[in-house]
Amino acid sequence: MIWELLLTRYNYIVVALLLPIGAYMMIENRNLVKKVIGMNIFQTGIFLFFITSAYREGGSPPIVGSGGEAATYVSPLPHVLILTAIVVGVSLTAVALALIVRIYTEYGTLDEVNLREVRADE
Amino acid sequence: MSELLPLLVAVPIVGALVGLVVGYKFERLAWPLAVVTSLAHTALAAFVAFEVYAGGEPLSYAVGGFQPPFGIELVVDGLNAAVVVLVAAVALGILAYARRAGPHSAAFYTGYLLLVAGLSGMSVTGDMFNLYVFLEITGLAAYALVATGDDGRSAVGALKYLLVGTVGASLFLVGIGYAFVATGTLNMADLAEKLAGVGYGSTLVRASFAFVVTGLAVKTALYPLHTWQPEAYASAPDSVSALISALVSTVSAYALGRVIFSVYTVDFLSSVAFAREFVLVLAGISIIAGSVLAVMQTELKRMLAYSSVSQFGLVVAAFAIANDAAVTGGVVHLVGHAVMKGGLFLAVGAIAARTGARYVGEFDGLAARAPLLSAALATLSLSMVGVPPAVGFVGKWYIALGAIQSQLWPIAVVILLSTLLTLAYFLRIVERMYFRSAAPREAPAERSTGTGAAAVADGGANDDSDTDDERPTLGRGSDVDFGSPSAGMVAVILVAALLAVALGPLVSTFEPLLEPTLDLLLQP
């Protein structure tokens with residue numbers, strides 16, 4: 001049962017691993033940059049979920065003519081959606097890193113705990 | 001007329017790009033360009049809303065000629081026509097305030113208009129994934145705008161907002177994914193039918209509801225998920241606090257209502273009792289906890305921020321009650337809260353610009369020093385508490401009425417209790433302003449690093465923008481402690497205060513306009 005799950009549904013297992021790993025990193029890691037990396041991992045888990053949902057057993061690429069009329073195609077829509085979501089994710093990462101650069105110039109630290117101490121003196 | 005719908009999103013985006021390019025070379029043109037864009041946008045929104053309410057029919061537009069359910073659909077009906085007008089009008093009003101209060105840069109106005117584009121997009125879209133994209137556009141613009149404050153605090157506030165906001169939007173995306181796997185469609189109207197076909201008992205459908213509601217609750221800042229909000233509002237420049245407090249959470253709350261009514265439908269709420277209880281409990285806790293936290297605050301902007309947590313609890317509770325009276329109340333309170341809270345943030349900003357007062361303790365005897373602004377602040381506060389005939393009263397009244405009609409007594413009690421708490425935290429401000437004399441204060445200048453000083457510092461850089469006002473010396477002197485707010489700033493605050501009172505009686509005119517839409521959305 002577990003073996004079958006591991007062999008046939010491994011994508012979903014990876015999704016279920018990536019989401020908590022990303023979330024844990026965002027909450028637990030003191031380093032601001034690593035929090036952003038955690039955010040990226042979290043989003044990647046979601047991307048993988050969407051892409052997996054597009055898969056069809058024995059499906060061919062969704063290009064008209066590649067498999068003929070009767071062939072099974074994988075669903076192209078999740079691919080397109082995730083392309084958009086990746087662009088959004090890149091923009092978010094860029095804005096987050098820009099903010100981190102400003103925080104570093106202002107306070108001279110990337111550590112959450114140090115940052116709190118420095119700001120308490122303000 | 002439906003050809004105008006994409007323009008609601010396109011006009012601010014084009015304005016933002018033109019403003020960025022032109023403003024790069026001629027920075028002083030950035031503000032007039034933003035105003036022209038915003039005026040055009042407001043006119044467009046008003047016209048669309050007029051068409052919808054006069055025609056009584058929803059307008060719909062298929063983007064790129066791809067017919068729904070395959071293409072993206074833009075829809076304006078009675079529910080979101082009000083939100084579209086609200087977004088455009090509030091953005092225009094706050095521009096008048098931002099002219100003096102700053103931040104002064106072409107990039108700021110670009111971010112401002114992009115935020116307006118994102119919010120308009122969230123209001124008009126009829127497609128779930130499109131809603132996610134606009135949610136993120138709104139988020140990105142809002143993070144950048146919060147960080148336009150020139151101290152480190154705003155950068156930290158913005159980063160926290162970004163991390164929590166992104167998780168919220170991602171959870172929303174997971175919810176969409178589940179609904180998509182269950183039905184194979186993303187169009188809201190189509191989803192409503194197919195979700196019913198899959199069956200509301202399906203785990204996939206229920207899980208998607210939970211994820212979508214939780215994701216939007218983060219963006220709306222309901223109680224346990226609100227942690228990003230007070231610091232983001234308090235650390236942002238005053239113009240930005242007013243804009244995002246008035247619009248960002250408002251449109252997210254609207255999106256939550258839209259998803260409940262148009263995607264999952266009232267049938268889902270009544271057949272899955274736990275889903276309704278989940279939303280009601282979340283909202284109820286938010287109403288009480290937000291008020292209690294607001295009472296505990298000493299910084300005025302943080303107090304207003306926690307007050308929003310409580311008020312959005314009310315709106316979401318109204319959507320979950322889902323009867324005619326409650327949803328009318330929810331929409332009225334959505335609009336009314338935006339006007340009141342935006343006005344309150346602007347009034348607090350202007351008072352800080354004149355007197356440096358940003359903490360509750362500094363408001364003693366303020367009415368003598370800033371009579372007009374104090375009067376506006378008091379009016380808006382009382383309206384927020386729910387003193388008739390102001391709009392704050394009408395919204396709460398309808399929501400409480402709806403709760404009683406549906407026999408949801410706990411919610412009615414919670415509304416009453418939160419009104420008392422709201423009275424507690426606003427009345428102490430009013431009491432200090434009017435019934436205490438100002439204590440002698442030593443060097444208030446040391447405290448303030450806020451807008452007053454920022455406006456002065458920035459005003460020096462582009463002083464040509466101060467052409468038509470009565471005190472041309474402001475912004476030149478390097479040792480001015482506190483500038484005083486421009487006529488435009490005061491005018492905007494007074495308009496907000498007047499609207500807060502005047503909108504109340506107008507609700508009886510608005511109610512029949514909303515009725516056909518509610519009949520459609522709430523039909524069993």
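Values in this text are rule-based calculations from the coordinates and carry no lab data. Keep in mind the model is a prediction, meaning the values are calculated, not measured. Heads up, the Cβs are rebuilt from the backbone with ideal geometry, glycines too, and the neighbour counts pull from every protein chain shown.
Tabulated results
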| item | result |
| --- | --- |
| Tail beyond 38 Å, pair distance distribution of chain B (Cα, percent) | 22 percent |
| Around B:Phe129: net Lys/Arg minus Asp/Glu count, Cβ-Cβ under 13 Å | -4 |
| Sorted by Cβ neighbour density within 10 Å, fewest at the top, the residues A:Ile82, B:Ile493 | A:Ile82, B:Ile493 |
| Chymotrypsin sites (Phe, Trp or Tyr not before Pro) lying in DSSP loop within segment A:1-88, provided at most 15 other Cβ fall within 10 Å | A:Tyr55 |
| Stokes-Einstein D (µm²/s) once Rh is taken as the Kirkwood radius of segment B:1-152 over alpha-carbon pairs, at 20 °C in 1.002 mPa s | 136 µm²/s |
| Length gained when the stretch B:Val36-B:Ala10 is fully extended (0.36 nm per residue, less Cα-Cα span) | 7.9 nm |
| For chain B, the longest site-free run once GluC sites (Glu not before Pro) in DSSP loop states with at most 15 other Cβ atoms within 10 Å are removed | B:1-441 |
| Centre separation in Å (Cα based) which lies between segment B:126-160 and segment B:25-74 | 22 Å |
| Simple spin-label estimate for B:Ser508 and B:Leu427 in nanometres, 7 Å along Cα-Cβ | 2.8 nm |
| Estimated FRET transfer efficiency (A:Ser91, B:Leu17; beta-carbon r; R0 25 Å; 0.05) | 0.95 |
| P(r), alpha carbons of segment B:306-396 - 5 Å bins starting at zero, rounded % | 3, 14, 22, 21, 14, 11, 7, 5, 2, 0 |
| Rounded to the nearest 20 debye, dipole of segment A:2-120 from Cβ charges on Lys, Arg, Asp, Glu | 240 debye |
| Label point distance in nm, B:Thr203-B:Leu420, each placed 7 Å from Cα along Cα→Cβ | 4.5 nm |
| Helix B:188-198 axis, angle to chain B major axis (alpha carbon atoms, nearest 10°) | 40 degrees |
| Partner chain coverage, peptide B:151-162 - average Cβ within 10 angstrom | 6 |
| Alpha-carbon radius of gyration plus Dmax, which is the widest Cα pair, for segment B:5-51 in Å | 11.8, 40 |
| Net charge dipole size for the protein assembly as shown [Lys, Arg +1 and Asp, Glu -1 on Cβ; Debye, nearest 20] | 900 debye |
| B:Glu3-A:Val101 pseudo-label distance in nm [points 7 Å out on the Cα-to-Cβ vector] | 4.4 nm |
| For segment B:309-320, Karplus couplings with θ = phi - 60° (6.51, -1.76, 1.60), whole Hz, Gly/Pro x | 3, 5, 5, 6, x, 4, 5, 5, 4, 4, 5, 6 |
| Residue (of A:Leu81, A:Tyr10, A:Gly58) at the positive-pole extreme of segment A:2-120, dipole from beta-carbon charges | A:Leu81 |
| Neighbour count of at most 15 Cβ within 10 Å plus DSSP loop: longest trypsin sites (Lys or Arg not before Pro)-free window in chain B | B:1-435 |
| Extended-chain gain in nm, criterion 0.36 nm per residue less alpha-carbon gap, B:Ala438 and B:Gln523 | 24.9 nm |
| Inverse mean reciprocal Cα-Cα distance (Kirkwood Rh) of the protein assembly as shown, Å | 25.3 Å |
| Around B:Leu503: net Lys/Arg minus Asp/Glu count, Cβ-Cβ under 15 Å | +1 |
| Largest-first ellipsoid semi-axes for chain A, taking √(5λ) over the Cα gyration tensor eigenvalues, angstrom | 41, 19, 6 |
| Segment B:374-391 - phi-based ³J(HN,Hα) in whole Hz, Karplus 6.51/-1.76/1.60, Gly and Pro as x | 5, 4, 5, 4, 5, 4, 5, 4, 5, 5, 5, 4, x, 7, x, x, 5, 5 |
| Signed unit charges on C-beta, dipole axis of chain B, positive-most listed residue B:Val205, B:Val164, B:Val259 | B:Val164 |
| Principal-axis tilt of helix B:5-25 within chain B, Cα atoms, nearest 10 degrees | 30 degrees |
| Angle between chain B longest axis and helix B:238-258 axis [Cα atoms, degrees, rounded to 10] | 10 degrees |
